[in-house]
Amino acid sequence: MADKKTKEENVCGTKEGLRQEVGPVQISDQLSSAGENSRSGRPAIVRRGCFLKSVYPWFLCRNEDLKEMLESNKESLKLEAMKRIVGLIAKGKNASELFPAVVKNVASKNIELKKLVYVYLVRYAEEQQDLALLSISTFQRALKDPNQLIRASALRVLSSIRVPIIVPIMMLAIKEAATDLSPYVRKTAAHAIQKLFSLDPDQKEHLIEVIEKLLKDKSTLVAGSVVMAFEEVCPDRIDLIHKNYRKLCNLLVDVEEWGQVVIIHMLTRYARTQFVSPWREDAVFDENSEKAFYDSEEERRVDQSKPYIMDPDHRLLLRNTKPLLQSRNTAVVMAVSQLYWHLSPKHELSIITKSLVRLLRSHREVQYIVLQNIATMSIQRKGMFEPFMKSFYVRSTDATHIKTLKLEILTNLANEANISTILREFQTYVKSQDKAFAAATIQAIGCCATNISEVTDTCLNGLVLLLSNRDETVVAESVVVIKKLLQTQPSQHSDIIKHMAKLFDNITVRDGVIHINLTLDVFGEHCLFRWPRPSPMRRTLSNFRSSTLLDRTRFIRQLIVPNEKSGALSKYARRILMAPKPAPVLQSAFKDRDRFQLGTLSHTLNSQASGYLELSDWPAVAPDQSVRNVEVVEPQKNGNAVKVESRSESESGSESSSSESSSESRSELDSDSDSGTDQKKNTKPKPVQIRSTCLRIMQHNYSLNYYLPPQIIQKTLNIMTKYILIHIVLSISSPFFVNCMCSLLHLCVFLACQFDAVSWPVRVSLQASSPVFVPETSHELLHRMTGKGLSAQYRFTRQPCIYGNSMVSLQLTLSNRTDQALENIHISEKSSTGQNIHRFNAIERLEPQASVTVSMGVDFNDSTQTANFQLCTKEDEFSVSIQPAVGELLLPITMSEADFTKEQGKLVGMNESSATITITPENVSSQSVNRKVVSVANLGVIPSGQENIYRFAGKTVSSGSLVLVSVALKDPDAMITINTEKTVMGSMLLRQVKTALTNSGP
């Protein structure tokens, strides 16, 4: 018992000190009672100390006890004391009082103890410089220690003593460590360079010599640290990078993560000074690209005749950084993304999109930085992130600053095609309990209304509805945005101005009242009515009695009310106060952040931070690339002799890396290349052709294509393409493959449903009907003079397209106006720009003065954008285009009046567009209204039980979105209302219906 007691006192100090350190308050009462009632009868405080020893060992001893342990003759006690001291430091405790006792053990022969002492000295050497200087000789001797960890730790401690008098000693130690056999010591030397430079900048030239030597190091452990020293000491010495550029590119994948970040940022700056811009229109990108892989040698020779080809070193950097997009480190992914943004060709930017979206699943701190960079990118390249728009929808668990950034990105991504979806999201966000976020959403709606003119009226109507909201913050912000929008077209919105005047007494938020005053003062002249009550400005002064407002009022009174004391300035009061004010420009807050490099602190703060290095502009002429060539030693094939030759490392590096990547990509297609012949290889179809074949198979299966959601259709197409590629590689017999095609389609649908977790939408029961009116008018597609005798006309049949549910059916009439026959009339396969076009079968021969009618289908994606393609003959190609009217993008449907009213009630707010017109007398009859509307749009007539109310219904061809049109006659006016999720289409259709009903004639 006595021996055990003595041992505990030696480890933990005296029992009295232990009682003072721990105390009965820090231990639970249950432990105290359990200790006192134990059979051993020993004091509970000892057993409490034993319990804490295994859980919180730094609570056991005071500083005096730790000092006694450090001065003990037993190495085990010293080691235990140092472990506890390092534990205190890790917990953020101040252990500087123990510096004298710790530094005495710096010469200990125990390796573990010495390493812990160096850890402590690195932390406190800068604070206790005088005491640390006493051990300089010990650190110098440790630089020769056989253990690499001791040598590195000694150099680390030496560089942490920030006293100018030891600068020569530090410089000598760094130079010796830079030539050390251990890469870990050389890495520590690179870290010490930065510390010495901050202590004495006059040593810059000597440190550059060390950096130049370390840049040649081939160890991946040293690369990141020496580049960091280069960036800190001499970032303008680009000449030091020339010979090491290719080596750094090839070592990049194996460097530790934080070293990768530093190297990538440095190489980004380097590339902007050494390579020509890849953003030129005449650029050629055939290195390791898919097109170069499939093109013939003749096509490659033609391409190489173009004036610009990407530098191989430029391509080497892009190729070697691409795998790092899969890194688990967020900073690495962000660094690669900014490199591609600043260096890569525009058509290659899409590869970083998925990696950035993946980072949004991380912590909110990471999300904040990533979303800021995406917000900047989305201003210039909307198409990059538009397919992932749902990833930027706001979640209820998001913080306010995250919500605001997502809102900014959604606003940047808004265009005519997706604005209806985005506005539906905004309608939900306005109802948020987060007032700041709701106000930001209203500002976003204003930006959308400014940027997309087709939805300006819709947004204004939605904002006016928000004026009746119970939340005063929402109302006030709506007033502010409405005021900005009204400045663009004040004379066309007098009703809104009158409505705002009536709501004046109900708004108490100061900003809202002030902006209503400004709105009424600025735009009141456009409203032909008088204020029934005292002026709004007088009531504002009575509500807000502040000294500042009263002072401004006195000043304005002296300006506008002439008297004896007023000067000549009152003559110009009207010109000063009533001067026309320019309409405000609503733009993104990230519009000007592209002047900073992405991923930097300056970009985050939108202000140049200390140490920021700007990216230079692309040089007009690329510098000599031979400066990056290095001499390498290669063994000869015959004998052991060696030869020295100058060769491009990028060629060897690109060959090795490209061979690895190409072998992976080609292994599936060329697995039997050894046994196969060149003729068999040339007959293999391209993946693009295979995908087109799969698409046609799916389009012919009408019922399956109709009931599947778009996500499943896309996934099925991908699976079918891969399956057919495998069939080609394995050379499966063609009869077997053809017999399995039907089963293959259903199997791929099943697999797509399993792999893609999507919710199957519940389709509204809509019965398609035949068109009420089919226009016979044809439109000219190709004039006979332009087509060298070939003329073409097209018309919309308004029938469901047999080539695909999402396609608009067209009928083409081709005529030969020449005296010779035209051969091989067809549509070029490489001519479509975005739209999916089903081409008619080639016409082998068209006799002179003969005509032929063919049908084709075009998927316009519910947009009036022009479909461009090339109409070809055997000898010529003619560029033609088809631009549909919005009414031709619809299919008529039938439904009951009750269903019409029910669906119309769901499509309100921003999904509703309406206008009041004065209808001509000849258009008042029901037959005239029906004829006018169905001539404009392919809609079905819905039976109506109400007089003077006419209803029409249809759905968009591509997405199947519902389009409801109602016309209510109120002599002599008519109210036109259009309800649809496709807000842009609704606005355009409203304009055309208004024009048709206001014009007289058939």
>> Just to be sure before I move on: is residue 770 open to solvent by 40 Å² or more (accessible area, probe 1.4 Å) and either closer than 15 Å to residue 876 by Cα or modelled with pLDDT under 90 (or both) in the structure I sent?
In response: yes
> Inside region 332-399, counting only helices (runs of 4 or more DSSP H) that do not spill past its ends, which hold 1 or more residues that are buried (at least 18 other Cβ atoms within 10 Å of the Cβ) and touching a Phe, Trp or Tyr at 6+ places or on another chain (Cβ under 7 Å)?
Replying inline: 353-358, 364-380
> In region 887-904, is there at least one residue being in contact with a Phe, Trp or Tyr (Cβ under 7 Å, 6 or more places away or on another chain) and within 26 Å of residue 798 (Cβ to Cβ)?
Replying inline: yes
>> If residue 592 satisfies all but one of (1) over 30 Å from residue 376 (Cβ atoms); (2) within 40 Å of the chain's Cα centre (by Cα); (3) surrounded by 10 or more Cβ atoms within 10 Å (Cβ to Cβ); (4) at pLDDT 70 or above, what's the number of the condition it fails?
In response: (1)
> Taking residue 435, is it open to solvent by 40 Å² or more (accessible area, probe 1.4 Å) and within 20 Å of residue 482 (Cβ to Cβ)?
Replying inline: yes
> How about region 267-295: which of its residues are at pLDDT below 50 and either open to solvent by 20 Å² or more (accessible area, probe 1.4 Å) or polar (S, T, N, Q) (or both)?
Replying inline: 286, 287, 288, 289, 290, 291, 293, 294, 295
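Listed here are the residues, each with its yes/no results for (1) open to solvent by 10 Å² or more (accessible area, probe 1.4 Å); (2) at pLDDT 90 or above.
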{"residue": "956", "(1), (2)": "no, yes"}
{"residue": "960", "(1), (2)": "yes, no"}
{"residue": "965", "(1), (2)": "no, yes"}
{"residue": "973", "(1), (2)": "yes, no"}
{"residue": "977", "(1), (2)": "yes, yes"}
{"residue": "987", "(1), (2)": "yes, no"}
{"residue": "995", "(1), (2)": "yes, no"}
{"residue": "999", "(1), (2)": "yes, no"}
{"residue": "1002", "(1), (2)": "yes, no"}
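I want to confirm something. Restricting to region 855-896 and keeping residues that are in a loop (DSSP other than H, G, I, E, B) and farther than 15 Å from residue 807 by Cα, which single residue is most open to solvent (accessible area, probe 1.4 Å)?
Here is the first cut: in region 855-896, the ones in a loop (DSSP other than H, G, I, E, B) are 860-866, 873-876, 883-885, 895-896.
Now restrict to residues that are farther than 15 Å from residue 807 by Cα: 873-876, 895-896.
Working: 873: 18, 874: 140, 875: 160, 876: 41, 895: 25, 896: 54 Å².
Ranking the candidates gives 875 first.
Residues checked against (1) closer than 19 Å to residue 767 by Cβ; (2) in contact (Cβ under 8 Å) with a residue 24 or more places away in the chain; (3) β-branched (Val, Ile, Thr):
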residue: 920; (1), (2), (3): no, yes, yes
residue: 943; (1), (2), (3): yes, yes, no
residue: 987; (1), (2), (3): no, yes, no
residue: 993; (1), (2), (3): no, yes, yes
> Which of the residues spanning region 900-917 are in a helix (DSSP H, G or I) and buried (at least 16 other Cβ atoms within 10 Å of the Cβ)?
Replying inline: 900, 903, 904, 910, 911
> Within region 416-430, is even one residue touching a residue at least 60 places away in the same chain (Cβ under 8 Å), open to solvent by less than 50 Å² (accessible area, probe 1.4 Å), within 16 Å of the chain's Cα centre (by Cα) and farther than 20 Å from residue 477 by Cα?
Replying inline: no
>> Restricting to region 783-795, give me the number of residues that are open to solvent by less than 80 Å² (accessible area, probe 1.4 Å) and either of a type in the set (Lys, Arg) or not assigned by the TED database to the domain that holds residue 817 (or both).
In response: 1
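Could you please find all residues in region 826-854 being assigned to a loop (DSSP other than H, G, I, E, B) and either charged (D, E, K, R) or open to solvent by 50 Å² or more (accessible area, probe 1.4 Å) (or both)?
Within region 826-854, 829, 830, 833, 834, 839, 841, 842, 847, 849 meet the criteria.
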>> modelled with pLDDT of 90 or more and either acidic (Asp, Glu) or in contact with a Pro (Cβ under 8 Å, 6 or more places away or on another chain) (or both): which single residue out of 126, 176 fits that description?
In response: 176
> Taking interchain pairs and intrachain pairs at least six residues apart, which have beta carbon atoms under 6 angstrom, with the first residue in region 80-109 and touching a residue at least 12 places away in the same chain (Cβ under 8 Å) and assigned to a helix (DSSP H, G or I) and the second open to solvent by less than 20 Å² (accessible area, probe 1.4 Å) and small (Gly, Ala, Ser)?
Replying inline: 85/95; 88/95; 89/95; 103/135
> In this structure, is residue 455 aliphatic (A, V, I, L, M) and open to solvent by 20 Å² or more (accessible area, probe 1.4 Å)?
Replying inline: no
> Residues of region 965-987 being within 18 Å of residue 916 (Cβ to Cβ) and of a type in the set (A, V, I, L, M, F, W, C), which ones?
Replying inline: 965, 967, 968, 969, 974, 975, 976, 978
>> Let me spell it out: the conditions are (1) assigned by the TED database to the domain that holds residue 790; (2) at pLDDT 90 or above, and residue 869 meets all of them except one. Which number is the exception?
In response: (2)
> With 823, 780 as the choices, which residue is open to solvent by 30 Å² or more (accessible area, probe 1.4 Å), at pLDDT 90 or above and over 46 Å from the mean Cα position of the chain (by Cα)?
Replying inline: 823
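The values are calculated or read from the model by the stated rules, or taken from the named source; none is laboratory data. Bear in mind the structure is a predicted one, so any value in this text is a computation, not a measurement. Neighbour counts run over all protein chains shown; Cβ positions are idealised from the backbone, glycine included. With ligands, DNA and RNA removed, areas are computed over all heavy atoms of the protein, side chains included. Shrake-Rupley method; radii C 1.70, N 1.55, O 1.52, S 1.80 Å.
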